[in-house]
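Colleague: Pasting in a structure now, in structure tokens, and then I'll have a few things to ask.
The values are calculated or read from the model by the stated rules, or taken from the named source; none is laboratory data. No experiment lies behind these values; they were computed from the predicted model shown. Every residue, glycine among them, receives a Cβ derived from its backbone with ideal geometry; neighbour counts consider all protein chains shown.
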Protein chains: 2
Amino acid sequence: MVIKHSSEVEPQKLMDGAVLKRVFIAKDQAPTFVMRLFTLQPNAATPFHSHAWEHEVFVVEGKLKVVCEKGETIVEKGHFVYVAPNELHQFVNVSEGPSSFICVVPKEGEV
Amino acid sequence: MVIKHSSEVEPQKLMDGAVLKRVFIAKDQAPTFVMRLFTLQPNAATPFHSHAWEHEVFVVEGKLKVVCEKGETIVEKGHFVYVAPNELHQFVNVSEGPSSFICVVPKEGEV
């Protein structure tokens, strides 16, 4: 068993630090999937992109705009987002403070 | 893409309603793994048990005691727990209100 508080996990700084990514269990220790915590600074956005694997996302704090080909949806704490394989998607922080979400991917999606 | 607030997901009532389980995406729609939200009423506990698949857990609210063969650890919002395959484990709500956590399992673990 591994127990850690997210604040004990050293973040990877993406997009000049506008996006922090914390990987809880390394890909080589995870049998099937990998859970990550992303924290976006205000106005920060992940790329509008797609990939062959799915995302399962749970919003932990803040308010985010989820963009897909069909439009946009605002989500906040307690929302779940399922992104299917090959579906275009983007997350944009639209709150005044940081927004965080759990994002789980199959092992091959953790690069 | 599927977007839902947890409050829109009908919970399964386990242990006479002391434990609520919300499955965000049905097992037959999930390519690899399944994300669930568990909510424990005060003093409620999951069984002390083990199984062949791993858990990756993220605490969303409240305070929980995590029990394993080696002892007990208190966790709260922001804590991550990795339970390896075949490892004995139990979650006990030790707060005065409900405690909730995300628990992700590979598809075969969603029964």
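Colleague: Does A:LEU20 meet the test of being in contact (Cβ under 8 Å) with a residue 12 or more places away in the chain and among the aliphatic types (A, V, I, L, M)?
Modeller: yes
Colleague: For the stretch B:40-75, which residues satisfy the criterion of being at positive phi and free of Cβ contacts under 8 Å to residues at least 40 places away in the same chain?
Modeller: B:GLY62, B:GLY71
Colleague: Residues that are touching a His at 6+ places or on another chain (Cβ under 8 Å) and among the hydrophobic types (A, V, I, L, M, F, W, C): does the stretch A:8-31 have at least one?
Modeller: Among the residues of the stretch A:8-31, not one is touching a His at 6+ places or on another chain (Cβ under 8 Å) and among the hydrophobic types (A, V, I, L, M, F, W, C), which makes the answer no.
Colleague: Go through (1) surrounded by 17 or more Cβ atoms within 10 Å (Cβ to Cβ); (2) within 17 Å of B:GLU108 (Cβ to Cβ); (3) in contact with a Leu (Cβ under 7 Å, 6 or more places away or on another chain) and name the single condition B:VAL34 misses.
Modeller: (3)
Colleague: Going by what's in this entry, would B:LYS27 be described as within 17 Å of A:PHE58 (Cβ to Cβ) and not small (Gly, Ala, Ser)?
Modeller: no
Colleague: Please give the strands (runs of 3 or more DSSP E) falling wholly within the stretch A:1-92 in which 2 or more residues are more than 7 Å from chain B (Cβ to nearest Cβ) and at pLDDT 95 or above.
Modeller: It comes to A:12-14, A:19-23, A:33-40, A:55-61, A:63-68, A:71-76.
Colleague: Do the conditions hold for B:GLY78, that is, is it in contact with a helix residue (DSSP H, G or I) (Cβ under 8 Å, 6 or more places away or on another chain) and without any contact (Cβ under 8 Å) to a residue 40 or more places away in the chain?
Modeller: So B:GLY78 passes the test.
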